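Trainee: Shown below is the structure under consideration.
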Amino acid sequence: MCGIFGYTGSRQDAPEMIFKGLKGLEYRGYDSWGIAVKNGEKLAIERKVGKMTGGISLPKSNLGIGHTRWATHGGVTTENAHPHLDCAKEIAVLHNGIIENFQDLKSELLKKGHKFRSETDTEVVPHLIEDFVKKEGFVDSVKDAFNLLKGLNAIVVVDTKSSSIVAAKNGSPLVVGVGDNEYFIASDVVGILPYTRDVIFLKDNEMVSLGKTISLFSLPMGEKQNPVVEKISWNIEQAEKGKFDHFMIKEIFDQPTIIRNIAQNYSDQVEDLREVIDNAKGTFFIGAGTAYHACLAGVYLFSKIAKKHVNTAPASEFNYLEDFLTKESLIIALSQSGETIDVIEPLTRAAKKGSLIVSIVNSLGSTIYRMGNYKMLLGAGPEKAVASTKAYTAKLAILFMLSFAMVDKLSGARSLLLMAAEEIERILKKENLVTLKELAKKLSKKEHIYTIGRGVSFSLALEGALKIKEVSYVHTEGLAGGELKHGPIALIEKGTPCIVFAPKDDTYDAIISNAAEIKARGGIIVGVSSEKSPVFDYFIEVKDSNLTSIITQSVPIQVLAYYMALEKGYDPDKPRNLAKSVTVK
Ligand code: F6R
């Protein structure tokens, strides 16, 4: 959620690097930001509310840390923006997470005479460290202070006396970049990519000290560990917009390449998973938001193709459903970031019960990735727009391959996916984009939109509605076509638009009947299909390629959502109130 970037080394432009590093993490969502750098024996600090426009006016320095804040404790004010300082202004702290016992800690510190300048839970940390450094070294002080914090937290601390950065975590992600006699620390590899692809993913209950050298410790005791350096395969170009105006549209255009890669290179990986699924007694797909919609599609794909029953629930609900899990259960977790707390929580509980976990995630080294007994990467490259597009279709493509692998039909899956990639390229041709833009203009004036589908397209109706509502803020509701008559049809009035997903499969006739019912009540029908029906007022053509229409039909709706956001003057990459990676409950 919040972004973190820190640097220690010999470069003297740490303020500018940190500013740039934080800009690279802007996509995670924030409402204020701040940077602290070493300036002689003290810290120089700049904090601001709002977006990171302009530049930074801090003195030259080779050591510092910065943070983009998404407010939890305390309003959006300069005083509440991180970093937070101790009384002597020699120690600065950044923090992600929630310190559950901060009130108790704060009362103790106030009694000891510490002066607080903010309403945040974070500010207890520099004051705690300030107390500890009176009797021990900086690294031990950070360790002892961190051990006092309750809740899931990550802290990054800079100290002027030792000229070092120490970071510890038991929750939110932190990754160290290893350069040439220099170190970076960030909440996300994307921040580090411009400088190095050698990284160390900090595990929960680990602490790292970065100065002239690097030292890794386990918590709570502080035993020394050997850091494991991993190489990131992503490159910096993948994390940039290139010729596109926004990340969202760039990522929509990335999809054919990603799907081709999955079709051509994932056979061995999905074959390996086949055995794991075959041996399990009870398989559950879990994910949040868009990832949950992919899970739901997976349930239909497994039923239709693999003739196998799997179950799903939104990850945030799975906590309340998992009493029946056993050692033989299998949980397949889908996640782009690999850091979604709503997914991590039920996985932690399932692991305690001895259930097996398969992680299918986009971010190497992320918490969910590491939690998997079996792991697979989505291979979608960095996804920076808050609204997930390419990670969604990558998940679908993998589930598609997996369901075909279950019945030894992988080669069929491969050629269908290659056809789907081609169809997406056709959908994204200029003339089709113009048509979608025109439609977006009309739909963006509406107050309510409905999306319907049946079978596997029901999940697409949910996902299409989510995409439109989250970036255009037009209320859009996804429904199973058959559910309309059980209540929601009461909402249809003259001019209400309804997007109808109508692939030419066994749902076609029934969904067209549902469309007719809506039209009879004055609704306007936008049909997404390979075949034009007289019931459609607007037609978005998507050629059928068996069940891959779940992938191809999602693309014009992503584009539609994008243009609707633009039409309404919103930034499609950073929808209000949303963050890219949801690391708090
Ligand atoms: C919607 C969206 C979210 C995420 C959800 C899970 O466009 O992006 O609904 O899908 O927050 O995130 P990950 O996949 O990172 O676990």
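Trainee: For the stretch 264-308, give me the residue count where each residue is within 16 Å of the ligand (Cβ to nearest atom) and not aliphatic (A, V, I, L, M).
Mentor: Total satisfying the criteria: 9.
Trainee: Related question: Within the stretch 346-366, which residues are within 12 Å of the ligand (Cβ to nearest atom) and part of a helix (DSSP H, G or I)?
Mentor: LEU347
Trainee: Pick from the stretch 317-341 the residues that are open to solvent by 50 Å² or more (accessible area, probe 1.4 Å) and outside any loop (DSSP other than H, G, I, E, B): which of them is nearest to the ligand (Cβ to nearest atom)?
Mentor: The extreme case among them is GLU317.
Trainee: Moving on to the next point. For the stretch 251-284, give me the residue count where each residue is over 21 Å from MET419 (Cα atoms) and without any contact (Cβ under 8 Å) to a residue 60 or more places away in the chain.
Mentor: 6
Trainee: Of all residues in the stretch 38-91, count the ones that are under 21 Å from GLY191 (Cβ atoms), outside any loop (DSSP other than H, G, I, E, B) and open to solvent by 40 Å² or more (accessible area, probe 1.4 Å).
Mentor: Selection size over the stretch 38-91: 4.
Trainee: Consider the stretch 561-578. How many of its residues are open to solvent by less than 70 Å² (accessible area, probe 1.4 Å) and out of contact with any helix residue (DSSP H, G or I) (no Cβ under 9 Å at 6 or more places or on another chain)?
Mentor: 1
Trainee: Looking only at the stretch 444-465, decide whether some residue is within 16 Å of the ligand (Cβ to nearest atom), out of contact with any Gly (no Cβ under 9 Å at 6 or more places or on another chain) and in the same structural domain as TYR508 (by TED's automatic domain parsing).
Mentor: No: the stretch 444-465 contains no residue that is within 16 Å of the ligand (Cβ to nearest atom), out of contact with any Gly (no Cβ under 9 Å at 6 or more places or on another chain) and in the same structural domain as TYR508 (by TED's automatic domain parsing).
Trainee: In addition: Residue by residue through the stretch 110-129, note down the ones that are farther than 17 Å from HIS67 by Cα, in contact with a strand residue (DSSP E or B) (Cβ under 8 Å, 6 or more places away or on another chain) and of a type in the set (D, E, K, R).
Mentor: ARG117
Trainee: Across the stretch 466-483, which residue is farthest from the ligand (Cβ to nearest atom) among those that are open to solvent by less than 10 Å² (accessible area, probe 1.4 Å) and not in a helix (DSSP H, G or I)?
Mentor: By that ranking, first place goes to VAL474.
Trainee: I'd like to check which strands (runs of 3 or more DSSP E) are fully inside the stretch 92-199 and have at least 1 residues that are surrounded by fewer than 24 Cβ atoms within 10 Å (Cβ to Cβ).
Mentor: Those strands (runs of 3 or more DSSP E) span 153-159, 164-169, 175-178.
The values are calculated or read from the model by the stated rules, or taken from the named source; none is laboratory data. Because the structure is predicted, anything quoted here is derived from the model rather than measured. Neighbour counts run over all protein chains shown; Cβ positions are idealised from the backbone, glycine included. Keep in mind that these areas ignore ligands, DNA and RNA; they rest on the heavy atoms of the full protein, side chains included. Shrake-Rupley method; radii C 1.70, N 1.55, O 1.52, S 1.80 Å.
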